[in-house]
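Notes to accompany the following structure.
The values are calculated or read from the model by the stated rules, or taken from the named source; none is laboratory data. Being a predicted model, the structure only gives us computed values, none of them experimental. Positions of Cβ are generated from backbone atoms using ideal geometry, with glycine treated the same way; all protein chains shown enter the neighbour counts.
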Amino acid sequence: MTLTGYATCKADCSGWDEGTCVTDSDDSDKESDDSDPADPEIEIGEPLGTATISSVSEGYFFDGPGTEEALIFYPGASIEPTAYSSIMTMLAERGIDCFIIKMPANMAILGQNKADDIYKNYPNYKKYYLSGHSMGGAMIANYAAKNLDKTSGLFMMAAYPTEDLKSAEFPILFIYGTEDGVLTRSKLETGLTLVPESAVNYEIEGGNHAYFGDYGEQNGDGVATIKPITQQKITVREILKLVR
């Protein structure tokens, strides 16, 4: 299968060793170092607790204080899964456990059905949200189209579906930056015709393609006028609006 309109990028991101790491739910240091002073405070709510990050057979598991909701995330093409730890940690700390899927050769196009492993191995959640970035977002959107009955939400970061989702009864979010130089806008517009009218189409002012993760600059991308943490917090805020 060939999917056009998405670029691949080698991430400058080191992987994690086997084991676990516990995040600090106090974001104050991170905000003081990385927040964009030009932007107003982005309200995402207080953490409900800490998130424990584990390397598991499926990829990486962000285990927070919640027990009923899980988010399954497909990374962009050639991006190391750990590049998305910021968004996943913020969501996990606020009650949505997150799984970043490790793809064959870091290419979601080679593992479109990998979400099956989470449903099989972690069957006790009441809701499963699907999300992904760039090519990963396209692949998980098409997975959702084939699995409407077990999907509770779909959140696409700089991505669009290529299969019909008009009968979906769950919240759908398109989120991307105004400065994204990689996303093909005409194909995004086509993707918007494949979803219900209730789908949310959110454009992040000053955001670009790469800043959903922490993997550096990407060839062909636009120059963001906000910092990565700003784009990531806006993304978390918009996801939480749809599920809370």
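For the stretch 222-232, which residues satisfy the criterion of being farther than 17 Å from PRO75 by Cβ and assigned to a helix (DSSP H, G or I)? Even if it seems obvious, please write down each step before you answer.
First pass over the stretch 222-232, keeping only residues farther than 17 Å from PRO75 by Cβ: 222-227, 229-230.
Listed by number, the residues that qualify are ILE229, THR230.
Across the stretch 92-117, what is the number of residues that are in a helix (DSSP H, G or I), in contact (Cβ under 8 Å) with a residue 24 or more places away in the chain and either in contact with a Leu (Cβ under 7 Å, 6 or more places away or on another chain) or surrounded by 22 or more Cβ atoms within 10 Å (Cβ to Cβ) (or both)?
Looking only at that region, the number is 5.
Please determine, by comparing only the residues of the stretch 189-199 that are out of contact with any strand residue (DSSP E or B) (no Cβ under 7 Å at 6 or more places or on another chain) and surrounded by 15 or more Cβ atoms within 10 Å (Cβ to Cβ), which one is nearest to THR89 (Cα to Cα).
Residue satisfying both the conditions and the ranking: GLY191.
Within the stretch 200-217, can you find the residues that are without any contact (Cβ under 8 Å) to a residue 60 or more places away in the chain and surrounded by fewer than 20 Cβ atoms within 10 Å (Cβ to Cβ)?
Within the stretch 200-217, VAL200, ASN201, TYR202, GLU203, GLU205, GLU217 meet the criteria.
Determine if the stretch 149-165 includes at least one residue that is over 13 Å from GLY191 (Cα atoms), at pLDDT 95 or above and part of a helix (DSSP H, G or I).
yes
List the number of the failed condition for SER134; all other conditions in (1) crowded, with 24+ Cβ neighbours inside 10 Å; (2) without any contact (Cβ under 8 Å) to a residue 40 or more places away in the chain; (3) of a type in the set (S, T, N, Q) hold.
(2)
Within the stretch 153-192, can you find the residues that are among the charged types (D, E, K, R) and more than 19 Å from TYR74 (Cβ to Cβ)?
ASP164, LYS166, GLU169, GLU179, ARG185, GLU189
Can you tell me which residues in the stretch 203-221 are closer than 13 Å to ILE175 by Cβ and assigned to a loop (DSSP other than H, G, I, E, B)?
Of everything in the stretch 203-221, those that are closer than 13 Å to ILE175 by Cβ and assigned to a loop (DSSP other than H, G, I, E, B) turn out to be GLU205, GLY207, ASN208, HIS209.
Can you tell me how many residues in the stretch 218-244 are exposed (fewer than 15 other Cβ atoms within 10 Å of the Cβ), at pLDDT 95 or above and among the charged types (D, E, K, R)?
1
Any idea which of TYR84, TYR122, TYR129 is surrounded by fewer than 24 Cβ atoms within 10 Å (Cβ to Cβ) and either touching a His at 6+ places or on another chain (Cβ under 6 Å) or of a type in the set (Phe, Trp, Tyr) (or both)?
When all the criteria are applied, what remains is TYR122.
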